[in-house]
Amino acid sequence: MKINLSVDAKDFKSQVKDLREKLNKCRANGILDDGFEEQLDKLLQMEEELLTDLIPYYRVYANNIKKTSIGINHIKQLGAFSFDSFLQTVLRINKNLFITSSIDRKVQFFYIDIGEDFPDHNQIEVEWTPPIKEIKETISFIYKLNDKEILLLGVRGGCYLLSSDNFDEMPNVNGHIQVKNIQIDHDFNEFGRCLVIRDNLFVVENGDENLNLFEIIKTNEEYSLVFHKDIYCTIPNWTVLEKINEDYFAVGTRMGKLYFIKYENGQFTITEKIDFSHDEIRKIRCLEDESGNKNSLIVTGDKGQFKIFSLCEDSKTIKIELNDLKGNLFDVQSKSGTAIVLSEDGIIYLLEENFGNWYLNEDATIKDAFFTNVFKLDTSKYLLMDIEGKLNLLHVDRIDTPKDLWNLPLYQ
């Protein structure tokens, strides 16, 4: 087996030997050569790169030493408030702070106390704010405009701007958050599902089958929402949509059709149509590999079906196709080379990426775990929400860092 490394291993060994000889001389005469510390720092950096290159080899070829597994820990809830409904949408504002909307018209923040590198999964805590009193409708879409302003769109056509000078901390919704209505230039009765395709440019559900374009414009420190009624795309019985690149997105339908659409020259253009299956497409998600690139697209549907497409070329190449998982696959999240898939049958599936290829890790499946939502949190870490609105931490225990390699029991 040939190992591809970004660092010349022979040169690295030679430099380590040379540095060791200089250290031995220093011990004998008490004189440290000029440039010793600089050379040491350089070697430490080379070592980090070497170990990082070796990580996927250990995951694939040293499986007897460290098997990937997943576990779930309950998150301790603090304070007097909680989330007691079903989630409509969620936005992560920063590392610790999230904002949510529920189907019963409540908008709340939650703050997770996350220690460095999650030293103890049992010590993570969450605290919820009370609902924002000024908002009286279900919010279908939340978008962070900047560090101080958040946009919310409602199912009854409301458009709200939340402002705060400090979204880094747990907000006081009755004192630190300002709520303002944004003017709309069109008689728009409701905001359904939305997708950001570019900064301040969105695709929004309009009626049963139409996808329309709208944008947020700021003039003289005031925001307004401009609805482009003449720019739309009609997709029969569509169910979900997902951004692929700027001005480029995918749409799935109840009949198992997958559309790829570009916004260019002031209009939407269907560039490709694929027959995914005869059943409903439940979720479309770009998969993030270990380097943070999103070169693969997963499409999940009813009856345990999913496909992973390569996005590296103009034509969509199917990399993986499975049709025999259990249940309807309704939610997916991906972060840094892993992906979590939820099934309505209470099963959690793990996908892993190594050497650019994704595969299902059947040994890391969890059964009888009924959750309604999954959110990506950090490398190999996800949040799960259960049917009671409680949050849980899902941790993928696998080799992720050079430190993990150092901790392996190589000689067991």
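The values are calculated or read from the model by the stated rules, or taken from the named source; none is laboratory data. In this text, all values refer to a predicted model and were calculated from it rather than measured experimentally. Cβ placement follows ideal geometry from the backbone for every residue including glycine, while neighbour counts extend to all protein chains displayed. Note: accessible area is taken over every heavy atom of the protein model, side chains too, but ligands, DNA and RNA are not part of it. Shrake-Rupley method; radii C 1.70, N 1.55, O 1.52, S 1.80 Å.
Please count how many residues of segment 243-260 are open to solvent by less than 10 Å² (accessible area, probe 1.4 Å) and either closer than 11 Å to residue 281 by Cα or of a type in the set (D, E, K, R) (or both). Before you say what the answer is, go through the steps one by one.
Step one: filter segment 243-260 for residues open to solvent by less than 10 Å² (accessible area, probe 1.4 Å), giving 249-253, 256, 258, 260.
Still in the list and also either closer than 11 Å to residue 281 by Cα or of a type in the set (D, E, K, R) (or both): 251-253, 256, 258.
Of the residues in segment 243-260, 5 are open to solvent by less than 10 Å² (accessible area, probe 1.4 Å) and either closer than 11 Å to residue 281 by Cα or of a type in the set (D, E, K, R) (or both).
Per the listing 106, 95, 66, the residue uniquely in contact with a helix residue (DSSP H, G or I) (Cβ under 9 Å, 6 or more places away or on another chain) and of a type in the set (D, E, K, R) is 66. Being free of Cβ contacts under 8 Å to residues at least 12 places away in the same chain and open to solvent by 10 Å² or more (accessible area, probe 1.4 Å) is a description that does not apply to residue 379.
Name the single residue, out of those in segment 38-81 being of a type in the set (D, E, K, R), open to solvent by less than 60 Å² (accessible area, probe 1.4 Å) and in contact with a Leu (Cβ under 9 Å, 6 or more places away or on another chain), that is nearest to residue 126 (Cα to Cα). Ranking the qualifying residues of segment 38-81, first place goes to 66. Pairing residues of segment 253-266 that are more than 10 Å from residue 239 (Cβ to Cβ) and in contact (Cβ under 8 Å) with a residue 12 or more places away in the chain with residues that are among the β-branched types (Val, Ile, Thr) and assigned to a loop (DSSP other than H, G, I, E, B), at Cβ distances under 7 Å and at least 6 apart in sequence or on separate chains, gives 259/235.
Could you say which residue among 303, 294, 273, 316 is surrounded by fewer than 19 Cβ atoms within 10 Å (Cβ to Cβ), of a type in the set (D, E, K, R) and within 16 Å of the chain's Cα centre (by Cα)? Full working, then the answer.
On the way: 303 fails: within 16 Å of the chain's Cα centre (by Cα); 273 fails: within 16 Å of the chain's Cα centre (by Cα); 316 fails: within 16 Å of the chain's Cα centre (by Cα).
Residue meeting the stated conditions: 294.
Inclusion of residue 317 among residues that are in contact (Cβ under 8 Å) with a residue 12 or more places away in the chain and among the hydroxyl-bearing types (Ser, Thr, Tyr) is not warranted. May I ask you to list the residues in segment 94-112 that are of a type outside the set (S, T, N, Q), touching a strand residue (DSSP E or B) at 6+ places or on another chain (Cβ under 6 Å) and crowded, with 17+ Cβ neighbours inside 10 Å? Selection gives 97, 98, 99, 107, 109, 110, 111, 112.
Listed here are the strands (runs of 3 or more DSSP E) enclosed by segment 203-275 that have at least 1 residues being closer than 21 Å to residue 318 by Cβ: 238-245, 248-253, 257-264, 267-275.
Filter segment 319-335 down to the residues that are open to solvent by less than 20 Å² (accessible area, probe 1.4 Å) and of a type in the set (Val, Ile, Thr) and list them by number.
Restricting attention to segment 319-335, the residues satisfying the condition of being open to solvent by less than 20 Å² (accessible area, probe 1.4 Å) are 327, 329, 331-332, 334.
Passing the criteria: only 332.
Residues in segment 179-191: is at least one within 27 Å of residue 283 (Cα to Cα), part of a loop (DSSP other than H, G, I, E, B) and within 25 Å of the chain's Cα centre (by Cα)? Yes, some residue in segment 179-191 is within 27 Å of residue 283 (Cα to Cα), part of a loop (DSSP other than H, G, I, E, B) and within 25 Å of the chain's Cα centre (by Cα). Looking at 219, 234, just one residue is farther than 30 Å from residue 95 by Cα, open to solvent by 60 Å² or more (accessible area, probe 1.4 Å) and either aliphatic (A, V, I, L, M) or at pLDDT 90 or above (or both), and that residue is 234.
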